[in-house]
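The values are calculated or read from the model by the stated rules, or taken from the named source; none is laboratory data. These numbers were taken from a predicted model, which means no experiment stands behind them. Note: ideal-geometry Cβ built from the backbone for every residue, glycine included; neighbour counts use all protein chains shown. Surface areas here come from the heavy atoms of the whole protein model, side chains and all, with no ligands, DNA or RNA. Shrake-Rupley method; radii C 1.70, N 1.55, O 1.52, S 1.80 Å.
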Amino acid sequence: MHRLLRASGWFAATAVVVVVVALIGGDGHAAVGDSDPGAAVRYAVALVRLVADASGALCVGALVFAAFLAVPQESGVLAVDGYAALRAAGRAATAWCAAASAMVPLDIADASGQRLSEVDTGLFAALDTPKAWTVTAVLALVVAVGCRVALTWPSTVALLGAAVLALLPPVVTGHASVGAGHDLASNAAMAHVVASAVWLGTLTVLLVRRGPDLALRRYRVVAALCWGVLAASGIVQGLVLVAPADLATTLYGRLLLVKVVLLGALGLLGIVLRRRATRAAHLAGIDLTLLAVSVGVSVGLVRQPPPEFFAHPATAMDSLIGYDLSTPFDPWSVRFDLVLGTAALVLAVGYLVGVRTLRGRGDAWPAGRTTAWLLGCAVLLLATSSAVGRYAPGVFSVHMVAHMALTMLAPVLLVLGGPVTLALRAVPTGEHGPREWLAALPHCRLARVLTTPAVACALFVGSYYALYLSPLFGAALPQHWAHVLMNTHFLLTGYLFYWTVIGVDPGPRRLPHLGRLGMLFAVMPFHAFFGVIVLSTHDVIGANFYRSLDLPWVPDLLADQHLGGGIAWASGEVPMLVVVIALLVQWSRADHREARRSDRHSDDDLAAYNAMLATLAETRR
C-alpha cells in the first residue's frame, strides 16, 4: 500500500509536467523572443528537471533523517537507521548528479532554440543556467562520494550542508532572478526550494524506513516548520511575480493557485496527523502524493516566464538590483532582507526565549550578554534591511558601511552574547537532541580547522584583498545571490575570528590570552592597509556595473570609492577598542579565578599539613 501511494505521487507529478508542457507548447519561448527547440527538447527538459528536483529532494531528506531524525551511537557513529538513510542519500545523489549533468546540454538547446543534435556547446560561456547545473552536478557528486565514506554525525551534517547548497544554483539563475523585485523573489525562491526538498525527502525516507516514534515526532516538527516557510515564501513570490488580476487569467497564475490549494491541503493533513496518536501511514502517503504533485507544478511554473515579466518594461536598475535607486540616500527608505533580516529577528527572539527559560527555572543569566546579543542582532538588521541595506548594492560607500558593520561590529556583539552557552543551559537533555547537536558541533574536525589562528586570520583579513582587489567583486555585483553570499561570508568570517579571540562559548581550542591579543594586533595593520589601498587607488572597482547602473546622484564614482576606503580605514578603530577591552577584562577575570583557585589549594595544603602535625603529636603521646 505504501509503495503504491509513493509511486502514485510521482506518476501524478509526471502527468502534471507532461500536461503543463503540452499546454504551454512553444508559446513560452515565443513570449520571450526565443526560438522553439521542438517538442522533444521541451518534454526532455521538463522531465529531466523533475528527476533532478526529485532526486535532490530525496538526497536532502535522507541526510536530514540520518542527521536529525535517527539517533546515532554514543560514540557519534551513525546507528543502523541513520547509516541506511545515508546510503540512500548517496544513491539519490548519484541520480541527481546524472540528471544535473544531462540538464547542461538540454538547457543550452532549450535556451538557444536548437535541437539536441545541433547544440552549440560554445554557448555554455554565455548562459547562466548551464553553469548553474554544472555546479549542482559537481556538488551532487561530492555528496555521493561523501556518503560512501562518511560514518559519523558531524560528517553527515557537513554533507547535508553541501546538498542544500547544490539545490540553489538553478534557483538563483531562474525566472525569479530577473526583473523588478528579483531580490525578494530570489530570496523567497531559495527558502521555498529548500523547505520543499527537506519536507518531501524526509517524508519519503520516513515512509520507507518506518523509523521509531522519536523520528516521527521530530518529523512533525520539521513538517510544521517547512509548511510555514513554504507559505511565507510562496506569498512573497506570488506578490512579486504575479499581479492579482493575472491569477485566474494566465496559466502561470492558475498553476500558482493550484500550489496554494495543495499547500492548504498539506496543512490540514498535518493537523490531522498531529492529533492522531497512531502513525496514520495512509494519510502520510497522501501527504507525499500532494508534495510530489506540488513539485510537478513547480517544474511547470519554471517552464514559462511570470506575467509580471511583461507587465512593465524593466529598467537597468530593475535588471541589476531589482528596484529603483534614482533618489539620493534616504535614511527612512528600507527594504527587508528575507535572508539575513529574518535571521536577525529569529536569533533575537530565540535568545530571549532561552533567557526566559533560564529565569523561569530560577537560574541567572548576565544582562550584559543579553544586551550584547540584542545589539548584535540590531546591527545585523540595520546593515541588511534598513536604508543601508537598500542602498548598499548600488553605492560602493554604502556597501562598505554594510561590510564593516557585518564584519567588524555585529560579530563582536554576537560573540559576547554567548549563544551556545545559553542554549546548552536552556535546552533540556534528550535522546541526542538539540542540546547534544550544539555540544558536538563546536568540537568537530571542521571547527578545529577553522579556529586555527592562521586559518581564522586568513579568512577574516584575506577576504578583503581576494574580493575587492581582484575581478571577483565586479563579477559578483550584478548577481543578487552573490550579494547574499558576500554578506553571509562577512558575518560568518567575522564571527569565527572574534569567537577565537574573545568568545565565551566553548570551542575546540583556547589560546592563552596573550596569544589572542597577538592575533588581534596581527590583523589590525592589514585591515588599515586595505582601507588605504582603496582610498588611494585611481581605478574604479566594479566600474562596469556602477556605470551601467548610472545613479544620477553619484556622479563621481571614484570619489564615492575613496569615501568607501576612508570608511573601511576608520571604521575598525571602535570595534577593535571594544575587543581589546573585552579581552583585557576576560584576562583579568581569568587571573582572579586562577588566584582564588591557587588560594584554595594553598588553604587545603595548609590544613592537611596541620592535620599531619596533629596526628604525629597524638602518636607521640
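Only loop residues by DSSP count here, and only those with at most 16 other Cβ atoms within 10 Å; note down the trypsin sites (Lys or Arg not before Pro) in the range 345-406 that meet that.
Details: sites: 356, 359, 361, 369, 390; in loops: 361.
Answer in residue order: 361.
So between residue 145 and residue 425, what do we pick up on full extension, going 0.36 nm a residue minus the alpha carbon distance? Walk me through the numbers on the way to the answer.
Working: separation 280, 0.36 × 280 = 100.80 nm, distance 3.71 nm.
Length gained, residue 145 through residue 425: 97.1 nm.
Could you let me know the centre-to-centre spacing of the range 360-388 and the range 549-576, using Cα atoms, in angstrom?
Answer, in whole Å: 28.
So which chymotrypsin sites (Phe, Trp or Tyr not before Pro) in the range 318-394 are both in a DSSP loop and have at most 10 other Cβ atoms within 10 Å of their Cβ? Walk me through the numbers before you get to the answer.
Details: sites: 323, 329, 332, 336, 351, 373, 391; in loops: 323, 329, 332, 336.
Those satisfying the criteria are 332.
In the range 130-244, what is the volume of the convex hull around the alpha carbon atoms, normalised per residue and reported in Å³?
It is 119 Å³ per residue.
Quick one: with all protein chains in place, what share of the accessible area of the chain is carbon or sulfur, to the nearest percent (1.4 Å probe)?
Details: 19490 of 28500 Å².
Of the solvent-accessible surface of the chain, carbon and sulfur hold 68 percent.
Using +1 on the beta carbon of Lys and Arg, -1 on that of Asp and Glu, and nothing else charged, what's the dipole of the chain about the Cα centre, debye to 20?
On the way: 42 positive and 36 negative charges, 534 e Å.
It works out to roughly 2560 debye.
In whole angstrom, how far apart do the alpha carbon centroids of the range 163-180 and the range 416-445 sit?
Rounded to whole Å, the Cα centres lie 32 Å apart.
Want the number for residue 261 to residue 539: 0.36 nm per residue separation, take away the alpha-carbon distance, what's left?
Numbers: separation 278, 0.36 × 278 = 100.08 nm, distance 5.40 nm.
Once the chain is fully extended between residue 261 and residue 539, it gains 94.7 nm.
Could you grab the relative contact order for the chain? Cα pairs under 8 Å, six or more apart, rounded to a whole percent. Walk me through the numbers before you get to the answer.
On the way: 851 pairs, mean separation 80.3, N = 621.
Dividing the mean separation by the residue count of the chain yields 13 percent.
Just the Cα atoms of the range 427-555: what Rg and Dmax do they give in Å?
Answer for the range 427-555, Rg first and Dmax second: 19.1, 61 Å.
Check which residues have an amide H placed less than 5 Å from residue 152's amide H, if you skip close sequence neighbours.
Residues meeting the amide H criterion: 78.
With 14 Å as the cut-off, how large is the P(r) tail for the range 411-457, expressed as percent of Cα-Cα pairs?
Values: 659 of 1081 pairs.
The answer is 61 percent, as a whole percent.
Compute the longest continuous run of the chain that contains no exposed GluC sites (Glu not before Pro); treat a site as exposed when its DSSP state is not H, G, I, E or B and it has at most 12 other Cβ atoms within 10 Å. Intermediate values should be presented prior to the final figure.
Numbers: sites that count: 74, 431.
Formally, the longest exposed-site-free interval is 75-430.
Report the semi-axes of the equivalent ellipsoid for the range 427-490 in whole Å, largest first, where each axis is √(5λ) for an eigenvalue λ of the Cα gyration tensor. Show your work: numbers first, answer last.
Working: eigenvalues 223, 59, 9 Å².
Semi-axis lengths for the range 427-490 are 33, 17, 7 Å.
Could you tell me the calculated FRET efficiency between residue 378 and residue 333, based on Cβ-Cβ distance and R0 = 25 angstrom, to the nearest 0.05?
0.85
Provide, for q = 0.12, 0.16, 0.20 Å⁻¹, the log10 of I(q)/I(0) from a solvent-free Debye sum over equal Cα point scatterers in the range 10-150.
One equal scatterer on each Cα of the range 10-150 leads to -0.58, -0.85, -1.11.
Mean separation of Cα pairs under 8 Å and 6+ residues apart, divided by the residue count of the range 75-148: what relative contact order is that in percent?
Working: 66 pairs, mean separation 33.5, N = 74.
This gives 45 percent for the range 75-148.
Considering every pair of different Cα atoms, what Kirkwood radius, in Å, is found for the range 114-166?
Details: mean 1/r = 0.0774 Å⁻¹.
So the Kirkwood estimate lands at 12.9 Å.
May I ask you to compute the full-extension gain from residue 326 to residue 15, defined as 0.36 nm times their residue separation minus their alpha-carbon distance, rounded to one decimal in nm?
Length difference between fully extended and current span is 107.3 nm.
Percent relative contact order of the range 175-264, based on C-alpha pairs within less than 8 angstrom and at least six residues apart? Walk me through the numbers before you get to the answer.
On the way: 55 pairs, mean separation 31.1, N = 90.
Reported relative contact order: 35 percent.
Can you run the Rg to Rh ratio on the range 297-403? Use alpha carbon positions and the Kirkwood inverse-distance Rh. Kindly include the intermediate steps, with their values, before the conclusion.
Numbers: Rg = 19.7 Å, Rh = 16.9 Å.
Value, to two decimals: 1.16.
Taking Cα atoms of the chain, Rg/Rh with Kirkwood Rh, to two decimals?
Working: Rg = 27.7 Å, Rh = 27.0 Å.
A ratio of 1.03.
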